There are 2 protein chains.
Amino acid sequence: MLSFKVTAESGKARAGVLETPRGKVETPAFMPVATQGAVKALTHEELEGMGFGLIMANTYHLSLRPGIEAIGRLGGLHKFISWPGLIATDSGGFQVFSLAKLREVTENGVAFRSHLDGSLHEFTPEGVVAMQETFGSDLAMCLDVCPPAGAPPAEVERAVVRTTEWARRSVAARQKLPGGLFGIVQGGVDEVLRRRSAGEITGLGFEGYAIGGLSVGEEKEATLRTLALTAGLLPREAPRYLMGVGEPGDVIEAVAAGIDLFDCVFPTRVARNGLALTRQGRLVVRNAPAAGEDGPLDPGCSCLACRRYGRAYLRHLIHAREIAGMRLLTLHNLAFMRDMMEDARSAIRAGGFEAFRRERSAAWRAGPPDAEKG
Amino acid sequence: MLSFKVTAESGKARAGVLETPRGKVETPAFMPVATQGAVKALTHEELEGMGFGLIMANTYHLSLRPGIEAIGRLGGLHKFISWPGLIATDSGGFQVFSLAKLREVTENGVAFRSHLDGSLHEFTPEGVVAMQETFGSDLAMCLDVCPPAGAPPAEVERAVVRTTEWARRSVAARQKLPGGLFGIVQGGVDEVLRRRSAGEITGLGFEGYAIGGLSVGEEKEATLRTLALTAGLLPREAPRYLMGVGEPGDVIEAVAAGIDLFDCVFPTRVARNGLALTRQGRLVVRNAPAAGEDGPLDPGCSCLACRRYGRAYLRHLIHAREIAGMRLLTLHNLAFMRDMMEDARSAIRAGGFEAFRRERSAAWRAGPPDAEKG
């Protein structure tokens, strides 16, 4: 019910088409994050207008509010939020480990208290698959254990063992997912554990594979090394999803390593704080120099913000904390990500991804070094 | 440079057309409030899409940030904010009296400290006209003195005297307004003072007249009585603007008294707090009953929120404090105001405003009594 086809390769980078009964998405693709069922500051019309057909929602947040039962009663997540396109959902595991209180991991699953009201909940591999089946998720994730950067080797190994065991139970629990189930590879930045996890997870035969446990605070060099290693251990014919990476420079490197799917709050979160992603690098709109203040954020961009509004007005809106400012920068940053992924696909199809990578990485790194990053 | 024509009357209610070199607006009309140059939570495209051609911006706020000089350098307010439609601006006097610190009224004007950074400023009648000329305001207001409800008669009288004197100086100071200058009638809820203020202000021959000093905390009965009195003292051939009134029931009463223009943050402010204005009365979306939760906010509405999204999702967005929720309710509430004004104009043209007034007032008052109002 989820098909994926690699249509072009350039080095290790690949272009492809991912398809479920709900529609097609060209890869590599960036998935805007709709944590609570809405991409922050945007409406679905705007996402559709920008050409996004796949968004990422959050099982942890939606299970706490409005709750799985409410979403089921309303006909599933697509119907509840009025989004006819594809929806990927994570397992909620990452949020349990980062947001929830008093969590306790057992063989059975993970018990935790809601960060909203302290109520007690338990996520199990089977429960998490069932929740995503109630959602009707097109790309569902297995519950995994994601240790923080710097966790001792024994803890990382335990996470690998448990992630594999939970992945096995997830496969067994699956009943009626409309799309595909993704297994998640863990193993921190340890080569042996990554190889072991990738081997065990791919051995279970998922429709797609996610790389978890990266960009959780480790050194950038370790991220890139582990990413390249892990991507190479995943089957060519399945989509590869790098969880939580969305800084433009990192995305380009990950595409070079053979990653197909990305999600991250980076472009939308920094937008709300006044940072624009541009073809000339990062632009701190709050501090945008007066020179050229009539011009658009990025002369190469065709988004609404760049078509109509000047930097002086956008800077004013950010200073004045107007929602319109957050909206226009969010639209711009997502248009930037969309364009970058489109350009990446074109470069792969033309067999010139390595040149594209060099050119874009240089432009991106040319941004002001003091720019806000998160 | 501002023309106004009454095209139909029904009782004291009138329909008309207001025109400046920038365009035409049919009255009675509600002006969305763009305090800092943006209607909160919306973009200009959305206002245009809803058919709004006239918005109200705030001289006090814009003079403090980004500053008159910056706006002048960028070519005026329309160019700075990229809004080609009409813009009305108030004099800033009301905000000086309600927001600023350490204000001191002298014969010359009012000195105050900015609520943003404590910096010292002075507004004079001449300066306020010049600021609005720099903006290029289509509907500009004279600086006035607006006493709070319950001010002693002597203070209200002093405000009337000073408002007239400042109005005279405003007329003399005028050099290059592209549209019209409005005189403001004060006088609290005192009939004698209202008659005196209206006589003095209309004697100066403005293109339009604003009624100030109402809806500042006085009893509703006194508002309506004073409103009816004052509207009747204004020349038929000039537009009449009731400042700061925007609750649907009050707007209908004011149209019945012969008012043509309204501005108020009510519809947009309550939207961000989760209150929807509907043909069935007020709807507290946060508490919307589960029954019918798939349905739109208002089945009679054609706004984006009502066309696509159900109450359950909108309620979820409001609970989750998502900007999308504030946006969709703001769009809805402004569409409600637009539709109500359009219906009022139709009723006036058909000579049946009194029936319309009875029907709408009843529907509006039928809303839940505990609904949040401000």
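Where a number appears in this text, it was derived from the coordinates with a stated rule and is not lab data. What you see is a predicted model, and the numbers here were worked out from it, not measured in a lab. Reconstructed Cβ throughout: ideal geometry from the backbone, glycine too, with neighbour counts over all protein chains shown.
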> Which value does Rg/Rh take for the range B:3-264 over its C-alpha atoms, Rh per Kirkwood?
Replying inline: 0.94
> When the helices in chain B are scored as -39500 (n - 2.57) per DSSP H run of 4 or longer and the sum is shared across all residues, what 222 nm value do you end up with, to the nearest 500 deg cm²/dmol?
Replying inline: -12500 deg cm²/dmol
> Say a label goes 7 Å from Cα toward Cβ at A:P299 in every copy; what distances in nm does this one have to the rest, shortest first?
Replying inline: 5.5
>> Within the range A:127-141, name every residue whose backbone N is under 17 Å away from a label modeled 7 Å from Cα of A:R73 along the Cβ vector.
In response: A:134-135
>> Cut-off 10 angstrom, C-alpha nodes, Gaussian network model of chain A. Which of A:G127, A:G75, A:G188 fluctuates the most?
In response: A:G75
> Between the range B:312-369 and the range A:280-353, what's the alpha-carbon centroid distance in Å?
Replying inline: 35 Å
> Can you tell which of A:G212, A:A238, A:G180 lies farthest toward the positive end of the dipole of the range A:162-252, using +1 and -1 charges on the Cβ of basic and acidic side chains (Lys, Arg; Asp, Glu)?
Replying inline: A:G180
>> Let's see if you can work this out: charge +1 on each Lys and Arg Cβ, -1 on each Asp and Glu Cβ, no other charges. What is the dipole magnitude of the range A:271-365 about its Cα centre, in debye to the nearest 20?
In response: 220 debye
> Which of B:A256, B:A312, B:A34 moves the most in a Gaussian network model of chain B with Cα springs under 10 Å?
Replying inline: B:A312
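What percent does the relative contact order of the range B:3-264 come to when contacts are Cα pairs within less than 8 Å and at least six residues apart? Walk me through the numbers on the way to the answer.
Working: 532 pairs, mean separation 48.1, N = 262.
The value is 18 percent.
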>> Tell me the angle of helix B:323-349 to the major Cα principal axis of chain B, expressed in degrees between 0 and 90 and rounded to the nearest ten.
In response: 80 degrees
>> So the label point sits 7 Å from Cα along the Cα-to-Cβ vector; using that for B:A228, what distances do you get to the other copies, in nanometres, sorted shortest first?
In response: 8.4
>> Let me confirm one metric for peptide B:58-70, namely the mean number of other chain beta-carbon atoms within 10 Å of its residues' beta-carbons.
In response: 1
> Taking 0.36 nm per intervening residue step and subtracting the Cα-Cα distance, what contour gain separates A:A366 from A:E9 on full extension?
Replying inline: 125.7 nm
> What lysines sit close enough to B:K176 to cross-link, taking a C-alpha to C-alpha distance under 26 Å and skipping anything fewer than 8 places away on the same chain?
Replying inline: B:K5, B:K24, B:K79
>> I need the inter-copy label distances for B:G23: point set 7 Å along Cα to C-beta, values in nm with one decimal, smallest first.
In response: 3.1
> Peptide A:313-324: average number of partner chain Cβ atoms within 10 Å per residue?
Replying inline: 6
>> For the rotation taking chain B to chain A, which residue of B has the Cβ nearest the axis, and how many Å away is it?
In response: B:I323, 3
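With Cβ to Cβ distances under 15 Å as the rule, what net charge do the other residues near A:G352 carry (K, R +1; D, E -1)?
Values: positive: A:K12, A:R14, A:R345, A:R349, A:R357, A:R358, A:R360; negative: A:E9, A:E342, A:D343, A:E354, A:E359.
Computed value for this residue: +2.
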>> Of the candidates B:K176, B:K12, B:K24, which one comes out as most mobile in a Gaussian network treatment of chain B with C-alpha springs shorter than 10 Å?
In response: B:K176
